[in-house]
1. For region 295-314, how many residues meet the condition of being within 15 Å of Asp252 (Cα to Cα) and under 22 Å from the mean Cα position of the chain (by Cα)?
2. With respect to Asp282, determine if the residue is surrounded by 15 or more Cβ atoms within 10 Å (Cβ to Cβ) and touching a residue at least 60 places away in the same chain (Cβ under 8 Å).
3. Tell me, which residue of region 335-357 that is within 16 Å of the ligand (Cβ to nearest atom) and within 20 Å of the chain's Cα centre (by Cα) is farthest from Leu309 (Cα to Cα)?
4. Are any residues in region 512-529 free of Cβ contacts under 8 Å to residues at least 60 places away in the same chain, surrounded by 24 or more Cβ atoms within 10 Å (Cβ to Cβ) and hydroxyl-bearing (Ser, Thr, Tyr), and if so, which ones?
5. Can you pull out the residues in region 236-269 that are of a type in the set (A, V, I, L, M) and surrounded by fewer than 21 Cβ atoms within 10 Å (Cβ to Cβ)?
6. Would you be able to say whether some residue in region 558-566 is out of contact with any Phe, Trp or Tyr (no Cβ under 8 Å at 6 or more places or on another chain), on the phi < 0 side of the Ramachandran plot and surrounded by fewer than 21 Cβ atoms within 10 Å (Cβ to Cβ)?
7. Looking for whichever is in contact with a helix residue (DSSP H, G or I) (Cβ under 8 Å, 6 or more places away or on another chain) and buried (at least 22 other Cβ atoms within 10 Å of the Cβ) here; the options are Phe480, Phe452, Phe420, Phe456. Which one fits?
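FYI, it's all coordinate maths here, none of it is from the lab. Note that this is a predicted model, so its numbers are computed, not measured. Don't worry about glycine lacking a Cβ; one is built from the backbone with ideal geometry, like all the others, and counts go over all protein chains shown.
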Amino acid sequence: MFVTAVAIGASAATVALLFLVWSYRRRVQALERDLRVIRAELGHAAITDPLTGLYNRRLLTEVGNHQIEHHRRFRLALSLVYIDIDRFKEINDTRGHAVGDRVLLHVAQFINRHTREADYLFRIGGDEFVVLMSCSPDEALRRARELQATFPTTLGDAGMPPNIGLSVGVADVPTNVKDLDAAIKRADARMYEDKRKRSGGQGPLTLALLPFCLAALAAISLSAQSRPLVAPAATAIYARLLPQIERIKIFDHHAHPGFADDPEVDAAPVPPGASPFRLRPDNPDWAAAARALAGVAPKRGDRQSWNRLLDRLGIETSIANRITMSDDLDPARFKWVFYADSFLFPFDNSGLAARNPDQAAFMPMQTKLVQRFRSQAGLTAWPASLGEYLAFVSRTLDDHKRRGAVAMKFEVAYFRSFVFDDPTREQASAIYDRYRAGGVPSAAEYKTFQDFVFRFLVTEGGRLHLPVHIHSSAGAGDYFSVSDVNVLNLETVLRDPRYLSTTFVLIHGGYPFYREAILLASMKNVYLDSSGTDSFFLFPDAFKDVLRTWLTQYPDKITFGSDAFPLDEYIGAERIYWFAVHNARTALAAAVAEMIAAREISESKALSFARAYLHDTAASLYR
Ligand SMILES: [Zn+2]
């Protein structure tokens, strides 16, 4: 009935309109496809800003080139809007980074809500945003002014400082150019002109903000720092032990020191997904970290700045998980651990990449890395037999060891399950022969090959005295399978007597399966590291329970780790280092204080547990 009425009412104009809508949708779909390819090629952390989730400057270049070409082909207008937050620097300086971050997030969400689906929004610098709009410059200017006028009305409800605003500049993007550079410069210059005009006659912001700052400072005070709740019978012991525990120099068993734009920091940068609360801007510990770290910030090309950071935090030695070691890091303080996963991915990985967007970002990077190892070995193709492939793997491991690596790390949990079967060499060899020169293996074939090579790598770890670090917790991204990487699935490898001379470290302590993980540490060659669990999964109060569970069972098999990594170009690895150190020291003092109060251990035993966990156990693995 309804269909008939519509059919009868359809005029030529409606048909034309439907056609337009259809062709427009096809264009958008084509564009989205291209963008997915770009994203997959670049890898996701390289293209998003972790704080706001917006695309970053790097993707602006890629998308810009693509959009110019697209708009030329379809003769559409393209404009660029440059947006800058007024007085952002003063807010950051007077109110601290935590408030600055909240402002950035609010602005990002505001602009995002007020842009259309066909627009592209980027955060290209500290407080600078760019929107690529598919419209004429007049229309773009009208919309930019609308944003500017609406923005102040959103501040009150969001609890933002009252005097912030947006300055805007708009430029036409001609479609006969090859990149956005000139348009960005014009829009930037107009934005400054706009800012200059609008600030005419206003007093300095610091004065305008002062009442707000004072009120907020009073509200935050020093209590805005997370802490463990200690059982009443243990509070005096806690107060006595904490200063002693704070004096113990730390061996940090797992960290990613480096800068956000350094592609060597991580072989599998984490795709965007929901952040745990401890990594969100409204966690009060950001401000505490900023206070504690005032005056120390690692700088490029400055080894001493990294050493000063470790000194401030009481860290003697930190592991640096990196593809290659950085000259910025002093080998006397930082020990290098490299990534070994890519040896599991020598074949055509397009089948694996097609599983989901996370894998689409990860797989090209694994392909690139294993091929990089291959060309470093002087090869242009995979050798003719599995035996020769394994010899290449061994030579590459030897080479890493010679260049100073102390362990190998697996992030394999991000790529596949922990169920490692025990295939024969003949099975793996047949698959290698079939796919070494091309062709996409089935999921089952690839798994069989990987199961064999993983076990080979584990054996090599024993031969070379390179402990095997395995990411063993839940992970980030939207498609990380927590059930696939339940740490108990590793039992068939960890309890295999063939690998007794290999040292295993379960990085992140199996979280959330930390109760299960500690049972695996009954093996003499298996250790747990607490990184991540202490730095962003849990606050000290919950982490205290993790430590108490572990200390009660295998106190000599657990090690501290921070998982410090750079969040973006403003929030560097130093803050996560602080989260972990603050969390671990306070939670540790609380856990052992409660154990003493419960008459489980003596005070001197508590301190020996603390030294083992914070330093001695990890240090003993790398002598
Ligand atoms: Zn890590």
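1. 4
2. Numbers: surrounded by 15 or more Cβ atoms within 10 Å (Cβ to Cβ): no; touching a residue at least 60 places away in the same chain (Cβ under 8 Å): yes.
So Asp282 does not fit the description; no.
3. Taking region 335-357 as the starting set, the residues that turn out to be within 16 Å of the ligand (Cβ to nearest atom) are 335-341.
Adding the requirement that they be within 20 Å of the chain's Cα centre (by Cα) leaves 336-341.
On the way: Trp336: 18, Val337: 20, Phe338: 22, Tyr339: 25, Ala340: 28, Asp341: 30 Å.
Looking at residues that are within 16 Å of the ligand (Cβ to nearest atom) and within 20 Å of the chain's Cα centre (by Cα), I get Asp341.
4. Across region 512-529, the qualifying residue is only Tyr514.
5. Within region 236-269, Ala236, Ala239, Leu242, Ile248, Ala260 qualify.
6. Going residue by residue through region 558-566, those that are out of contact with any Phe, Trp or Tyr (no Cβ under 8 Å at 6 or more places or on another chain) are 561, 565.
Remaining after also requiring on the phi < 0 side of the Ramachandran plot: 561, 565.
So of that shortlist, the ones also surrounded by fewer than 21 Cβ atoms within 10 Å (Cβ to Cβ) come out as none.
No; the residues of region 558-566 include none that is out of contact with any Phe, Trp or Tyr (no Cβ under 8 Å at 6 or more places or on another chain), on the phi < 0 side of the Ramachandran plot and surrounded by fewer than 21 Cβ atoms within 10 Å (Cβ to Cβ).
7. Just one listed residue meets the conditions, Phe452.
Let's see how each residue does on (1) free of Cβ contacts under 8 Å to residues at least 24 places away in the same chain; (2) within 16 Å of the ligand (Cβ to nearest atom):
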{"position": "Pro257", "(1), (2)": "no, yes"}
{"position": "Ala294", "(1), (2)": "yes, no"}
{"position": "Asp328", "(1), (2)": "no, no"}
{"position": "Pro331", "(1), (2)": "no, no"}
